[in-house]
Amino acid sequence: MGALDAGCFEDGLQNRIGLEEEVEDMATAEAAKVVGGSEMDSESDAESTRSIEDAVRVLLQGLGEDHEREGLRRTPHRVAKAFRDGTRGYKEKVKDIVEGALFPEAGFETGIDHADGASGLVVVRDINLFSHCESCLLPFSIKCHIGYVPSRGRIVGLSKLSRVADVFAKRLQDPQRLANEICVALHDSVKPAGVSVALQCWHIQFPEERKCNFNTNSPISDLQGWVKVLVSSSSGIFKEEKSSFLDDFFSLLRLRGVVIEKGDTTRSHVSHWCPSRSLEIHLSNGHCLQISENDKASSKTTAPQTSMVAAVASILCCIGEDPSRKELLGTPSRYVQWLLNFKSSNSDFQLKDHSVCNMSSYGVTLTNGNVTSTNGIQLALNLPFCSQCEHHLLPFHGVVHIGYMSKQEGIDVERSALLTMVHFFACKLQVQERLTRQIAEAAYSIFSNGVMVVVEAYHNCMISRGIEKVGSNTATIAVLGQFSSDPKTKSLFFQAIAKNVDSGT
Ligand SMILES: [Zn+2]
Ligand SMILES: [Zn+2]
């Protein structure tokens, strides 16, 4: 996508949406194949999909959005599909998967138990899974490693191990319970001498309240990174003191860079792995710029929030969960609080209203700030942000790089002012292309010689739908003024970003 050509931008957006629908429909077809089921099932499925869609409309209204607007019209449908697909494990039975996939190991048909022999450990590593956090309903990604020791010559098809793991991942989970459930299910269905399951899990960070603190010097990695935990669960021979199977399993994982120590993964280490559990959530709408009066007002008007919480509870029922289950009690309000970070402050927000004078209300100061300069290009690199994809109501987060040139020598802004501007545009339902363009245009209203913006982000919606692996990243770019007319200026900015990445800052 070149510069800020509106037509080109819209085309790109259309193509992207078209592609997404296609991939989504493929994913649903896959899910349908897995679930199978009768016409009765599909009728009640359609019914619960409609209920989830209604609930999502309530959520969008609660966020001050018009759910009929372009970009949001299909969101209830997408969110409902994502929830249903992401929780299809409630309908799947391990027995159906494992049955017929057990076969005798060649040479051991006689039924001799060789579990305590010198060999027998079977390990499948790096199974990519995705689950939903039961504390906040956001997706988290998993690398799953399974080891088992066959008993009585009974072997299970290796692909079935990941299928069984996926049954439990496709439910609302927390890492340790997921590991336990996979372990128990394999032990009960395959009846081996023992099973060991190790999971590496990644959960998105929440945008922190202190984003409103403009002078924060917190390391970027605080916001950029993921919450990671490592858990394991073992049964049978893996739990025996004198057995070396667990050591062997962990040694084989270490070859893949996964380091687990025995007794390292007790429950207490991960009891609050979900950031929503430790975050003291304010009833603010996430807009640092709408100071006190609005926030006070919004914390009083709890009615929309009550209906939003009820809507989320109804989604839990629709996917086959029990909202009164102990672990789920606070989940609807946590999910609503998460969404409220992205409440629309003004649905008629126009960029042209935020010209130079309004920029000064962002706290822009015309002093020499802590922004670096190279060859006349001012740089503000690695500004962290977290936004919410309006197509899937899922977060995307990453960093914004801004390069700009002002007409007057020596005119500059504080890095924190740019950070505030980034947060302003990020704290709403967004698409990355629009976020990039809005930041560029707002900056261009002050730095009229040229502005270039690069946004690098991880999208939970891509990750949760299995399109991309953990760690893949989406980049967008917007170019204005001298950056678009002079390729050399543009390439200087790219070099500065690359240098920044190299130096690891
Ligand atoms: Zn969570
Ligand atoms: Zn999305």
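The values are calculated or read from the model by the stated rules, or taken from the named source; none is laboratory data. This is a predicted model, so every value here is computed, not measured. Because the Cβ atoms are built from the backbone with ideal geometry, glycine has one as well, and the counts that use them run over all protein chains shown.
Looking only at residues of region 124-139 that are hydrophobic (A, V, I, L, M, F, W, C) and closer than 19 Å to Asn341 by Cα, we find that the one that is farthest from ligand 1 (Cβ to nearest atom) is Leu137. Mind checking which pairs have a first residue in region 309-322 that is buried (at least 19 other Cβ atoms within 10 Å of the Cβ) and of a type in the set (S, T, N, Q) and a second that is part of a helix (DSSP H, G or I) and at pLDDT below 95, Cβ under 8 Å, 6 or more apart or different chains? So the pair list comes out empty. In region 65-76 there is at least one residue that is at pLDDT below 95 and either assigned by TED's automatic domain parsing to the domain that holds Leu172 or over 20 Å from Met308 (Cα atoms) (or both). Scanning region 375-391 for residues that are in contact (Cβ under 8 Å) with a residue 60 or more places away in the chain and within 16 Å of ligand 1 (Cβ to nearest atom) yields one hit, Cys386.
The residues of region 285-331 that are modelled with pLDDT of 90 or more, not hydrophobic (A, V, I, L, M, F, W, C) and not in a helix (DSSP H, G or I), listed by number, are Gly320, Glu321, Asp322, Pro323, Ser324, Arg325, Gly330.
Within region 258-267, not a single residue is within 16 Å of ligand 1 (Cβ to nearest atom), in contact with a helix residue (DSSP H, G or I) (Cβ under 7 Å, 6 or more places away or on another chain), closer than 19 Å to Cys201 by Cα and modelled with pLDDT of 70 or more. Once region 66-105 is narrowed to residues that are in a loop (DSSP other than H, G, I, E, B) and of a type in the set (A, V, I, L, M, F, W, C), the residue that is farthest from Leu138 (Cα to Cα) is Ala101. For region 176-208, filtered to residues that are within 16 Å of ligand 1 (Cβ to nearest atom) and of a type in the set (A, V, I, L, M, F, W, C), the residue that is farthest from Arg334 (Cα to Cα) is Leu199.
Scanning region 59-107 for residues that are charged (D, E, K, R) and touching a Pro at 6+ places or on another chain (Cβ under 8 Å) returns a single hit, Glu105.
Selection of region 161-185 for residues being touching a residue at least 60 places away in the same chain (Cβ under 8 Å) and crowded, with 20+ Cβ neighbours inside 10 Å yields Val164, Asp166, Val167, Phe168, Ala169, Lys170, Arg171, Leu172, Asp174, Pro175, Gln176, Ala185. Can you tell me which residue is nearest to ligand 2 (Cβ to nearest atom) among those in region 112-150 that are modelled with pLDDT of 90 or more and among the hydroxyl-bearing types (Ser, Thr, Tyr)? My answer is Ser131.
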